[in-house]
1. Can you pull out the residues in the stretch 39-59 that are in contact (Cβ under 8 Å) with a residue 24 or more places away in the chain and over 15 Å from residue 78 (Cα atoms)?
2. If a residue must be assigned to a strand (DSSP E or B) and modelled with pLDDT under 90, how many such residues does the stretch 45-64 contain?
3. Condition first: loosely packed, with under 10 Cβ neighbours inside 10 Å and assigned to a loop (DSSP other than H, G, I, E, B). Now tell me which residues in the stretch 1-29 satisfy that.
4. I'd like to verify a number: residues in the stretch 16-52 that are over 14 Å from residue 71 (Cβ atoms) and under 14 Å from the mean Cα position of the chain (by Cα), how many?
5. I'd like the full set of residues that are surrounded by 10 or more Cβ atoms within 10 Å (Cβ to Cβ), in a helix (DSSP H, G or I) and touching a strand residue (DSSP E or B) at 6+ places or on another chain (Cβ under 9 Å), limited to the stretch 30-44.
6. Within the stretch 76-92, count every residue that is touching a strand residue (DSSP E or B) at 6+ places or on another chain (Cβ under 9 Å) and modelled with pLDDT under 90.
């Protein structure tokens, strides 16, 4: 079972989504699933990004609800959550 880490920005993104009234059930199901399953089922459309975001996974919780992840030595680090249109890709911290 991988260790889960959440970036500070990811926690802020999560708080924003919870305040918006969007059901977090699909996200909670995803976190439970990723704790024990890889590769993810096809419905999540998980794929690696390239370019300046090389090594980061883009996972679709819903059609326009995306989570960015990085895997490193048994740890899954959650970087961002939301809609890609709301992100400034130059400001995404990928550490």
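The values are calculated or read from the model by the stated rules, or taken from the named source; none is laboratory data. Note that the structure is a prediction, hence the values are computed from the model and not measured. Backbone-built Cβ (ideal geometry, glycine too); neighbour counts: all protein chains shown.
1. Passing the criteria: only 52.
2. Looking only at the stretch 45-64, we keep the residues that are assigned to a strand (DSSP E or B), and these are 47-48, 57-62.
Now drop any that are not modelled with pLDDT under 90, which leaves 62.
Qualifying residue count, the stretch 45-64: 1.
3. The initial filter retains those residues of the stretch 1-29 that are loosely packed, with under 10 Cβ neighbours inside 10 Å, namely 1, 8, 19-21, 25.
Answer for the stretch 1-29, where residues must be loosely packed, with under 10 Cβ neighbours inside 10 Å and assigned to a loop (DSSP other than H, G, I, E, B): 1, 21.
4. Of all residues in the stretch 16-52, those over 14 Å from residue 71 (Cβ atoms) come to 16-33, 36, 41-45, 50-52.
Now drop any that are not under 14 Å from the mean Cα position of the chain (by Cα), which leaves 17, 24, 26-33, 44-45.
Qualifying residue count, the stretch 16-52: 12.
5. 30, 31, 34, 44
6. Taking the stretch 76-92 as the starting set, the residues that turn out to be touching a strand residue (DSSP E or B) at 6+ places or on another chain (Cβ under 9 Å) are 76-84, 87, 92.
Of the ones still in play, those that are also modelled with pLDDT under 90 are 82-84, 87, 92.
Here the count works out to 5.
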